[in-house]
Amino acid sequence: MASCSCSSSLALPELRFLSPKAASRYHLSLSKQSLYRSFLYKNYPRCNLGRRIRVAAGKQDGSVVVEEKREPEFIKGLNDFEVNGNGSASRSDSVGSVNGGVNGYANGSLVKYVNGNGNGGVAVEVVGQVEEEEKLNKEIERKKKVEEIGKEDAWFKKSGQEKVEVSVAPGGRWSRFKTYSTIQRTLEIWGFVLTFVFRAWLNNQKFSYRGGMTEEKKVLRRKALAKWLKESILRLGPTFIKIGQQFSTRVDILAQEYVDELSELQDQVPPFPSETAVSIVEEELGAPLDDVFERFDVEPIAAASLGQVHRARLKGEEVVVKVQRPGLKDLFDIDLKNLRVIAEYLQKIDPKSDGAKRDWVAIYDECASVLYQEIDYTQEAANAELFASNFKDMDYVKVPTIFWEYTTPQILTMEYVPGIKINRIQSLDELGVDRKRLGRYAVESYLEQILSHGFFHADPHPGNIAVDDVNGGRLIFYDFGMMGSISPNIREGLLEAFYGIYEKDADKVLQAMVQMGVLVPTGDTTAVRRTAQFFLNSFEERLAAQRKEREITTQELGFKKPLSKEEKIEKKKQRLAAI
């Protein structure tokens, strides 16, 4: 072998020489750029062109030449190799020449490999990548496990389901006409409202049931009406889907049949065409998908009221791209005019005799403002970063990282963080997380948001809060379009209210309510004070009853007869009545 020399400016680190067997974790075939393509890119997809590559050439006398380069220089250098027919390679450059077998090994340290003919070999190390790759593989496996457990089929994909399309233009079915007016939309909205009210009334009339009214027949009618309600909301479009989402958690107002149907609006809304989504992404980013993403799944993984989510791969990272439904602003402009009429009517007829300070027009104004903010994804991205900053020291809360370079008012690109919906109890148990601890985390996280930060997630339905198994179980928050803020005086009032409830002090609770602006201060608060004291007493009695129930359950050691579905429903009604 020709003599080798090394630049004096290049330091030679202390090397540990291993036998071929001990060093055979990764086997390289060194020919031209195949080393980069078949090894680095395949085994280290997170590598970028700025990483350092360290190459060691072994000499016959046991000495070694080490050179460290950036990837572009390293790739260029591979072009200088000439591969011989006998499987050996030769290279000449400023460092010297290497002639020998082309087999090299990398196991996280620089390794010398010597062929049977005594010629030197080449060893390559991607600095710090082996440990990173192992960590990455574990993380991929963990995410796959969460994905499998949390997987659920959307209701509209099941066989036998009638295809329902969401309105993506002002007016739903009216959009096929060339002209469209607020009056037409108003007729459509009020036609839906009156039809629902009439059918709900009819369901409670004995004369409408052939053979007599029974609870079983009423349940079947409610199920049919709930299904019609969900599909009608979908046809009316995003504004009403958003309202349906808000009611999907109100078991204190709606029967269970309605809650079950409306809960499917949380993250299982039929998506709009993938071709439309692709064209929106390309228009917003100003380039074809293939030029931006390494992979983009045209089939969305979830869809909700205002947008749908597609998985993608960006610069070696798994991401999701949230794409906004088209035509939202035009639709909001019309729908919100109708909702304002309703708010003004409620403002006139509400007597407020219960002492509550309700301003329906102010409520409408706030909701309208939030809706318009929700269709600006840059605002949502800023909300997510502020929320993440507030919880940066708490490892039980996770917020996906935002990719600002690929975020616009209509698309939002963020880290892919799979999770299991927080209300899927069996799946959480299968994942092996502690549900009691998660419950405590959920309460603590909202106390932190409301009392410490004054900035809270205002749309916490199960489609927006998930769980994974990191740190034994953590909360994942999605969708930061609807956020709320609390002024310092209200935060102070809430704290005083908590102290008053703890101390059973009705006067302190009332003072806190007045401070927060919830109650109007009047000359005589006797009736309100009596109500507050009754609530405090009932609250304490309920806590005592719950403790007793837990004690009885513990004593029975699991031999308690399981409740039937009807008994569970009746028990839930009793609890709600007590509350």
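The values are calculated or read from the model by the stated rules, or taken from the named source; none is laboratory data. These figures come from a predicted structure and were not determined experimentally. Note: ideal-geometry Cβ built from the backbone for every residue, glycine included; neighbour counts use all protein chains shown. Heads up: the accessible areas ignore ligands, DNA and RNA and are worked out on the full protein's heavy atoms, side chains in. Shrake-Rupley method; radii C 1.70, N 1.55, O 1.52, S 1.80 Å.
Checked against (1) within 16 Å of the chain's Cα centre (by Cα); (2) at pLDDT 90 or above, E405 meets all criteria but (1). The listed residues are R437, R424, and the only one of them that is in contact (Cβ under 8 Å) with a residue 12 or more places away in the chain, of a type in the set (K, R) and more than 20 Å from F391 (Cβ to Cβ) turns out to be R424.
When L447, L431, L438 are checked against the criterion of being open to solvent by 50 Å² or more (accessible area, probe 1.4 Å) and of a type outside the set (K, R), L447 stands alone in meeting it.
Return the residues of the range 318-345 that are modelled with pLDDT of 85 or more and out of contact with any helix residue (DSSP H, G or I) (no Cβ under 9 Å at 6 or more places or on another chain); say none if nothing qualifies. Within the range 318-345, V320 is the sole residue that qualifies.
S305 meets the conditions (1) of a type in the set (S, T, Y); (2) open to solvent by 10 Å² or more (accessible area, probe 1.4 Å); (3) closer than 25 Å to T186 by Cβ in every case but one. The failed one is (2). E231 - would you say it is acidic (D, E) and closer than 19 Å to L262 by Cβ? Judged against the criteria, E231 is a match. The selection criterion, being surrounded by fewer than 14 Cβ atoms within 10 Å (Cβ to Cβ), outside any helix (DSSP H, G or I) and modelled with pLDDT of 85 or more, does not hold for R250.
Mind checking which pairs have a first residue in the range 257-286 that is closer than 15 Å to P326 by Cβ and a second that is assigned to a helix (DSSP H, G or I) and not aromatic (F, W, Y), Cβ under 7 Å, 6 or more apart or different chains? Here the result reads V269/L234; V269/I241; P270/L234; V278/L289; V281/L289; E282/L289, each pair linking the range 257-286 to a residue that is assigned to a helix (DSSP H, G or I) and not aromatic (F, W, Y).
Restricting to the range 257-280, and then to whatever is assigned to a helix (DSSP H, G or I), open to solvent by less than 10 Å² (accessible area, probe 1.4 Å) and touching a helix residue (DSSP H, G or I) at 6+ places or on another chain (Cβ under 7 Å), can you tell me which residue is nearest to K218 (Cα to Cα)? Looking at residues that are assigned to a helix (DSSP H, G or I), open to solvent by less than 10 Å² (accessible area, probe 1.4 Å) and touching a helix residue (DSSP H, G or I) at 6+ places or on another chain (Cβ under 7 Å), I get L262. Filter the range 176-194 for residues that are open to solvent by less than 60 Å² (accessible area, probe 1.4 Å) and either assigned to a helix (DSSP H, G or I) or at pLDDT below 50 (or both) and give the result. T182, Q184, R185, T186, E188, I189, G191, F192, V193, listed by residue number. Look at (1) modelled with pLDDT under 90; (2) touching an Asp or Glu at 6+ places or on another chain (Cβ under 8 Å); (3) of a type in the set (G, A, S) and you find that A362 fails only one, number (2). The requirement of being assigned by the TED database to the domain that holds R311 and assigned to a helix (DSSP H, G or I) is fulfilled somewhere in the range 414-425, by at least one residue.
Quick check: anything in the range 351-361 buried (at least 19 other Cβ atoms within 10 Å of the Cβ) and either assigned to a loop (DSSP other than H, G, I, E, B) or under 27 Å from the mean Cα position of the chain (by Cα) (or both)? Scanning the range 351-361 turns up no residue that is buried (at least 19 other Cβ atoms within 10 Å of the Cβ) and either assigned to a loop (DSSP other than H, G, I, E, B) or under 27 Å from the mean Cα position of the chain (by Cα) (or both).
Given the criterion buried (at least 20 other Cβ atoms within 10 Å of the Cβ) and either closer than 15 Å to A388 by Cα or under 18 Å from the mean Cα position of the chain (by Cα) (or both), identify the matching residue among G454, G500, G419. So that I can check it myself, show each step before the final result.
Values: G454 fails: buried (at least 20 other Cβ atoms within 10 Å of the Cβ); G500 fails: either closer than 15 Å to A388 by Cα or under 18 Å from the mean Cα position of the chain (by Cα) (or both).
None of the other options fit; the residue is G419.
Residue under question is D335, and the condition is that it be within 26 Å of C367 (Cβ to Cβ), in a helix (DSSP H, G or I) and open to solvent by 30 Å² or more (accessible area, probe 1.4 Å); does it hold? Here the answer is no, as D335 does not meet what is asked. Looking at the range 393-402, can you tell me whether even one residue there is touching a His at 6+ places or on another chain (Cβ under 9 Å), in contact (Cβ under 8 Å) with a residue 40 or more places away in the chain, among the aromatic types (F, W, Y) and surrounded by 15 or more Cβ atoms within 10 Å (Cβ to Cβ)? Within the range 393-402, none of the residues are touching a His at 6+ places or on another chain (Cβ under 9 Å), in contact (Cβ under 8 Å) with a residue 40 or more places away in the chain, among the aromatic types (F, W, Y) and surrounded by 15 or more Cβ atoms within 10 Å (Cβ to Cβ).
Identify all residues within the range 281-323 that are of a type in the set (K, R) and part of a strand (DSSP E or B); write none if there are none. Show your work before the answer.
We begin by selecting, within the range 281-323, every residue of a type in the set (K, R); these are 295, 311, 313, 315, 322.
If the condition is that a residue be of a type in the set (K, R) and part of a strand (DSSP E or B), then R295, R311, R313, K322 are the ones that fit.
Within the range 287-306, which residues are of a type in the set (V, I, T) and without any contact (Cβ under 8 Å) to a residue 24 or more places away in the chain? Before you say what the answer is, go through the steps one by one.
Going residue by residue through the range 287-306, those that are of a type in the set (V, I, T) are 292, 298, 301.
Passing the criteria: only I301.
Report yes if I476 is closer than 13 Å to V399 by Cα and either aliphatic (A, V, I, L, M) or surrounded by fewer than 20 Cβ atoms within 10 Å (Cβ to Cβ) (or both), otherwise no.
So I476 fits the description; yes.
For the residues N423, N464, N489, the requirement of being in contact with an Asp or Glu (Cβ under 7 Å, 6 or more places away or on another chain) and either farther than 30 Å from Q324 by Cβ or not acidic (D, E) (or both) singles out N464.
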